[in-house]
Amino acid sequence: MTTAERELDQNNYDWNRIQESGQDAEPIFGPGYTGLVSLGNNCYMAATMLVVFSTRSFNSRYY
């Protein structure tokens, strides 16, 4: 397969489709399921906050 063919395959793929074992999956939203929204330049802070909030010691003390 050439590079051009691979690019065409990627462009035709439905990247918004969520699948699990070939079946459509229902998106889950809410506390503990989703992360912070990135506005472009705050992705590093969002990633840091996700790690901090995922630690048990921080969660038990502040959350």
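The values are calculated or read from the model by the stated rules, or taken from the named source; none is laboratory data. The model shown is predicted, which means the values in this text are computed figures rather than measured ones. Cβ coordinates were reconstructed from backbone atoms using ideal geometry, including for glycine residues, and neighbour counts include every protein chain displayed.
Computed values, structure above
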| quantity | calculated |
| --- | --- |
| The stretch 1-13 residues that are of a type in the set (Lys, Arg), paired with ones that are part of a helix (DSSP H, G or I) (beta carbon under 8 Å, 6 or more apart) | none |
| Wholly enclosed helices (runs of 4 or more DSSP H) of the chain bearing at least 2 residues exposed (fewer than 10 other Cβ atoms within 10 Å of the Cβ), touching a helix residue (DSSP H, G or I) at 6+ places or on another chain (Cβ under 8 Å) and at pLDDT below 70 | none |
